[in-house]
Amino acid sequence: MALAHYYAEVRSVPEGNIIALPLPEKETISLREYVDTLHNPLLEELLDRRLIIGAKSGDADAHGRKWLVAGLHDVSYLVPVYGVPLRISNDAKAILPNNGQISENFRYNRASVDSELALLAMPGRRSMTAFNTNPFFGNKEPSLHILQTALRVSRIDGPDVRTVRSLIERTLEGERMGLQGRAYFDLKGPHPSGDKWFREASEMAIAAYFDTTIESTKRLLDERDRFDAPAIYMGWYRQDAYGNFKIANWNVPPGALALHLHSFSATSLRTTNRYWLGALLQMGFCATLGNVYEPYLQMTHHPQRLLESLLDGGTWGEAVAYSIPVFSWMGVAIGDPLYRPFQKKLGAQLGAADVPYAVLREFNRIDLNGSASTATTYLRGEFQRAPSLPLAFALASRYADSGEVDKAKEVLRVMQYITVYAKEDRVLVQKLADLMARLDQVEPALVIYERLLSEEGIAKPFRINLLTKGSELAARMGRTRLADDWSNKCLILKAPPVDRSK
């Protein structure tokens, strides 16, 4: 209730729009519990408050649900808050005989609570077995009839109350600032059609001038890869969060969006050690999507449609509804439905004091529009005004690639003044050191490698990478003992664990 009142206050939602129900204190409820404690009481409240204008049927359906014979609503978004159950378990006894024509794969009434609630105001009887078509899907201009019958749902929830309150606050901050940071896409999942979705989404991010990393091999995006300022993350296909995704309070930009597509990514929101949504929210992402049970690929949120809607200026709630083809199924969305990540345009972002990632977007914009020299001049001016690691890497790389080695080395001098590295910047620091080595600045590059390897909490894949490349640099410098030491440590880390049971 405290979170509901706080959200209503900061978003100027009338107090009369808060509906409190005595719900079970668990994430998974039975179909009977859903009907008796949530569906029917919520419908009654919405009718009593005249948020739905309609006429109920005199009888309940086969599941005990009250339903509208006719009705229209005036609800922009339905927002379940922390404490509202997440999933409905399957009830095999409630599969109706006339549902026998439905494929065995879809003969379930288990579902996301939110996906069922999306149908709450729709007149007529609707089966809970399998799914119902979502009239918002791919519909850029939904009719008034659709807007007044179907409900768009996004919940404000997470692993704990503190994380949820932070989600609300950081979403508002992201909206004020405009979404800033980089985009990351991890391709090569199990189905070509899904990979096509993610590839299309990555192309949209690049077209919107985001500095973008695309992992297109079968290995996972992991601790060896850049993950500084992840404003947009989209990837698949691993059951549980791993590596950096399990680190709380990563330097995630306010309002950042994340989607890791997996059949069971939203099995629970309360854990941060399993599945995905709890971990992503704890990490600092403010908006994310998942599935509470097996959805089958085509019935999940489509990442490219989600990003398309947001980049067009849509709200999170609009994008969520636009991107999923079915209701009464397995999808769930977490995030403020009123949030517009691209409400503030890039030009307005650039007026702030320290906005390196907005500067990179502007650099990419100028560059992609065909003026490479103007883009370089702009980036150099911004780097001189406010030096930073991401700008140093972009500018030095540009000079190195164009054969202007002395200018690249001049930019890289900034590294001698930075001796402590944030965990989010360590891979970027390594890339800067590698660029220095490429430009025959091997000695200062080796110093950076030594500093990185002395840092606490270096993950195993990244440490192996550092030791491998660092030993090569040490050998180039004639530091044979150091090269051998790092090479041996690398071999030990790569060795399979010893089975001490034998």
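Counting only Cα atoms, segment 387-494 measures 39, 29, 21 Å along its principal axes, largest extent leading. Based on the alpha carbons, how large is the Rg to Rh ratio for segment 119-223 when Rh follows Kirkwood? Result for segment 119-223 is an Rg/Rh of 1.05. Amide H contacts of Trp67: Ser57, each under 5 Å away and 5 or more positions distant or on a separate chain (H built 1.01 Å from N in the peptide plane; Pro and chain starts excluded).
The candidate values are (i) 1.23; (ii) 1.37; (iii) 1.10; the one derived from this structure for Cα Rg over 2.2 N^0.38 Å carries the label (iii).
Given only helices, namely DSSP H runs of n ≥ 4 each adding -39500 (n - 2.57), what is the per-residue ellipticity at 222 nm of the chain, to the nearest 500 deg cm²/dmol?
Numbers: 18 runs with 193 residues, N = 502.
Dividing the helical sum by the residues of the chain leaves -11500 deg cm²/dmol.
Among 271-277, 68-74, 227-233, 479-485, how do they line up by average Cβ neighbours within 10 Å per residue, starting with the highest? Can you show the working numbers first?
Details: 271-277: 21.3, 68-74: 16.6, 227-233: 25.3, 479-485: 14.0.
Final packing ranking: 227-233, 271-277, 68-74, 479-485.
Over segment 161-334, all Cα pairs binned in 10 Å intervals from 0 give whole-percent P(r) values of 10, 43, 40, 7, listed from short to long. Using equal-weight Cα scatterers in the Debye expression, the normalised intensity of segment 2-147 in log10 at q = 0.13, 0.14 Å⁻¹ is -0.64, -0.75.
Once both labels are positioned 7 Å from their Cα atoms along Cα-to-Cβ, the gap between Thr133 and Glu443 label points is 7.3 nm.
Listed values for segment 160-177 are Karplus-derived 3J(HN,Hα) couplings in whole Hz (6.51 cos²θ - 1.76 cosθ + 1.60, θ = phi - 60°), namely 7, 4, 4, 5, 5, 4, 4, 4, 5, 5, 6, 5, 4, 5, x, 5, 5, 7, and x replaces Gly and Pro.
The numbers here are math on the coordinates, done by the rules we state, and not lab data. Please read all numbers here as calculations on a predicted model, not as lab measurements. FYI the Cβ positions are ideal-geometry reconstructions off the backbone, even for glycines, and counts take in every protein chain you see.
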